[in-house]
Amino acid sequence: MTSITNPILPGFHPDPSILRVGDDYYIATSTFEWFPGVRIHHSKDLKNWRFISSPLSRKSQLDMKGNINSGGVWAPCLSYQDGLFYLIYTDVKSWHGAYKDTHNYLVTAESIEGPWSEPVYLNSSGFDPSLFHDRDGKKWFVNMIWDYRKGNHSFGGIVLQEYSAQEKKLVGPVKNIFKGTDLRMTEGPHLYQKGDYYYLLTAEGGTEYNHAATLARSKTIDGPYEVDEDYPLITSAGKDHLDIQKAGHGSLVETQNGEWYLVHLGGRPLKDKRCILGRETFIQRCDWTDDGWLRLSHGSKSPEVVVQGPDLPEHPFEPEPAADDFSGETLGSQWNSLRVPMDSSWMSLSERPGYLRLKGRESLSSMHEQSIIARRQQAFKIEVETSVAFEPEHFQQMAGLLFYYDTIDHVYLHITHREEAGKCLGIIQTKYGEYDELTEAFIPLKDQEEVKLRGEVQDGMLAFYYRQHDEDWQQAGPLIDITHMSDDSAKQVRFTGTFVGMACQDLSGGRKEADFDYFIYKEQKKETTGQETGKGSTLHL
């Protein structure tokens, strides 16, 4: 029987919602402020996964311009009934302070690859919504409710309301069906039905190092729900030696052969408990006890790196090519933009065939209109490379190779113009919102020539290089600790992961353009786990 090595979706792929339709398995994950919204992966064997669609591909479905960092799409839920796929998602507009503005929507499609419908607005009472299709034909909507009032716990419980597919709205009374356990911060609800019971799986403990998933059950959908006395189902809390930390927020699937699996989020930390890859998707095999409760098959509550796979034939997929030469009519599915769709007003593959053209817009601190095309960093050891044609005329114009977490944490190897150097190369590091320039002096470059830029990352340390013509690669600036680009380094928790890609700014408003000839992304194929990589390793150049 095959084995599965975790994570199954490496890099920033949190809040997994898993679904089986016949012999096909699908996982939907959160995308937060990155566009397009929601990523769906497909598998036949629960081991090998490939990306197939991002349902929220139009501004009419998802308008995130101005959304706060780590806002946007939280915790989608994917389901299927009577030939129709349902996707529930939250668009979070604000979440700092006492209040949270969390708008919940539904889109549908006959095919998992779309086209997906225009959204149906549902409610805004809390986040992590989920839709359950009951055996009697009714549809039930659950979400956690946010309670901002003084003296109350802000995670106010899980509320239930009926959804009318005919009227396309929530109907009937709202009932709080589960207040959670002493782990608190109850969220991420998913309902299931097995035998005589409705089972409610929730995330608890907060999505950091005390994260967990808890199971409760009831013989009626509106409760009362009794908690498994041996809760939680899974957690890494208090076990710093585990390779997989933050285990929690999951969903369940039964194979066509009656085997059960839990997919859940987790993180693989480097030094100082920093997860630069973000929260990833992992899988665990489960068994039911004689008295009707679920347990991880290996007999522990702790997540395992290697798990027993299902009794299904393997279906491997072709790996993503390392190089993108931008010769197609559309960008590959690995590429994302921030908050707004990719359109011809600021990026083009046709204006200079064979190149990706970016037109300079707002700064790296903007939450509105950035010209960034980036992809997830999905391994601790990577090499990336691009070549850019860019002729800046003054210091407000920049273009180059970007490592990006959010508006307050990023590192940027960029071409610009300085009076003392002309066209030149420099490094910006913004760390916890503080701007710095890491080169002692800007490096002069030849005019009217493309510049090749490269970055090498090993275990949270980044080295930049550059070259023109056939000259040797030259290191640009010092080794850079990029572990500040993680969920864990900021004063307030955040939820994405490190991206790497191409960017262009023109702070004068002149929309100066940069042309990128290619982008190469390579991972070290065999790597150690996160805990091991944090033990004092250094970058060998």
message: For a quick check of your reading: which strands (runs of 3 or more DSSP E) sit entirely within segment 49-111 and have at least 1 residues that are buried (at least 20 other Cβ atoms within 10 Å of the Cβ) and among the aromatic types (Phe, Trp, Tyr)?
response: 72-81, 84-94, 101-109
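Yes or no, residue by residue, for (1) over 22 Å from Pro55 (Cα atoms); (2) more than 26 Å from the chain's Cα centre (by Cα); (3) modelled with pLDDT of 95 or more:
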residue	(1), (2), (3)
Tyr121	no, no, yes
Leu131	no, no, yes
Lys138	yes, yes, yes
Val142	no, no, yes
Asn152	yes, yes, no
Gln161	yes, yes, yes
Val171	yes, yes, yes
Lys175	yes, yes, yes
Phe178	yes, yes, yes
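Rundown of residues vs (1) surrounded by fewer than 21 Cβ atoms within 10 Å (Cβ to Cβ); (2) closer than 20 Å to Val306 by Cβ; (3) of a type in the set (Asp, Glu); (4) free of Cβ contacts under 8 Å to residues at least 24 places away in the same chain, yes/no style:
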residue	(1), (2), (3), (4)
Arg184	yes, no, no, no
Gly188	no, no, no, no
Leu215	no, no, no, no
Val253	no, yes, no, no
Leu270	no, no, no, no
- request: Output the residue which, of all residues in segment 396-436 that are β-branched (Val, Ile, Thr) and part of a strand (DSSP E or B), is nearest to the chain's Cα centre (by Cα).
  value: Val411
Matching option when the condition is in contact with a Leu (Cβ under 9 Å, 6 or more places away or on another chain) and closer than 30 Å to Lys491 by Cα, among Glu259, Glu280: Glu280
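If I ask for residues that are of a type in the set (Ser, Thr, Tyr) and free of Cβ contacts under 8 Å to residues at least 40 places away in the same chain, which ones from segment 384-436 would you list? Can you show your working first?
If we filter segment 384-436 for residues that are of a type in the set (Ser, Thr, Tyr), which is where we start, we get 386-387, 404-405, 407, 412, 416, 430, 432, 435.
Thr416, Tyr435, listed by residue number.
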Failed item, numbered, when Lys239 is tested on (1) farther than 12 Å from Leu183 by Cβ; (2) part of a strand (DSSP E or B): (2)
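Are any residues in segment 437-459 part of a strand (DSSP E or B) and in contact (Cβ under 8 Å) with a residue 40 or more places away in the chain, and if so, which ones? Step through it out loud before you land on a result.
Pass one, segment 437-459, residues part of a strand (DSSP E or B): 437, 443-444, 451-458.
Those that are part of a strand (DSSP E or B) and in contact (Cβ under 8 Å) with a residue 40 or more places away in the chain: Val451, Lys452, Leu453, Arg454, Gly455, Glu456, Val457, Gln458.
Being at pLDDT 95 or above and either touching a Gly at 6+ places or on another chain (Cβ under 6 Å) or in the same structural domain as Met485 (by TED's automatic domain parsing) (or both) narrows it down to one of Val21, Val38, Val73, Val107, so name that one. Break it down stepwise before answering.
Working: Val21 fails: either touching a Gly at 6+ places or on another chain (Cβ under 6 Å) or in the same structural domain as Met485 (by TED's automatic domain parsing) (or both); Val38 fails: either touching a Gly at 6+ places or on another chain (Cβ under 6 Å) or in the same structural domain as Met485 (by TED's automatic domain parsing) (or both); Val107 fails: either touching a Gly at 6+ places or on another chain (Cβ under 6 Å) or in the same structural domain as Met485 (by TED's automatic domain parsing) (or both).
Exactly one residue qualifies, and that residue is Val73.
So in segment 226-242, with the set limited to residues that are exposed (fewer than 11 other Cβ atoms within 10 Å of the Cβ) and under 27 Å from the mean Cα position of the chain (by Cα), which one is nearest to Leu215 (Cα to Cα)?
Restricting attention to segment 226-242, the residues satisfying the condition of being exposed (fewer than 11 other Cβ atoms within 10 Å of the Cβ) are 229, 238, 241.
Add one more test, that the residue is under 27 Å from the mean Cα position of the chain (by Cα), and what stays is 238, 241.
Numbers: Gly238: 20, His241: 25 Å.
The qualifying residue nearest to Leu215 (Cα to Cα) is Gly238.
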- request: Check whether at least one residue in segment 185-205 is within 27 Å of Glu259 (Cα to Cα), charged (D, E, K, R) and under 20 Å from the mean Cα position of the chain (by Cα), and report yes or no.
  value: yes
- prompt: Of all the residues that make up segment 460-493, how many are closer than 22 Å to Thr407 by Cα, at pLDDT below 95 and either outside any loop (DSSP other than H, G, I, E, B) or among the charged types (D, E, K, R) (or both)?
  reply: 3
- request: Quick one: in segment 197-236, of everything that is of a type in the set (D, E, K, R) and assigned to a loop (DSSP other than H, G, I, E, B), which residue is nearest to Phe127 (Cα to Cα)?
  value: Glu208
message: So, in segment 5-40, how many residues would count as being part of a loop (DSSP other than H, G, I, E, B) and either of a type in the set (Phe, Trp, Tyr) or farther than 17 Å from Gly188 by Cα (or both)?
response: 10
field: Residue satisfying condition, being out of contact with any His (no Cβ under 6 Å at 6 or more places or on another chain), loosely packed, with under 15 Cβ neighbours inside 10 Å, in contact (Cβ under 8 Å) with a residue 24 or more places away in the chain and of a type in the set (D, E, K, R), within set Asp311, Asp324
entry: Asp311
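The values are calculated or read from the model by the stated rules, or taken from the named source; none is laboratory data. All of these numbers come straight from a predicted model, not from anything done at the bench. Glycine also receives a Cβ, built like all others from the backbone with ideal geometry; neighbour counts cover every protein chain displayed.
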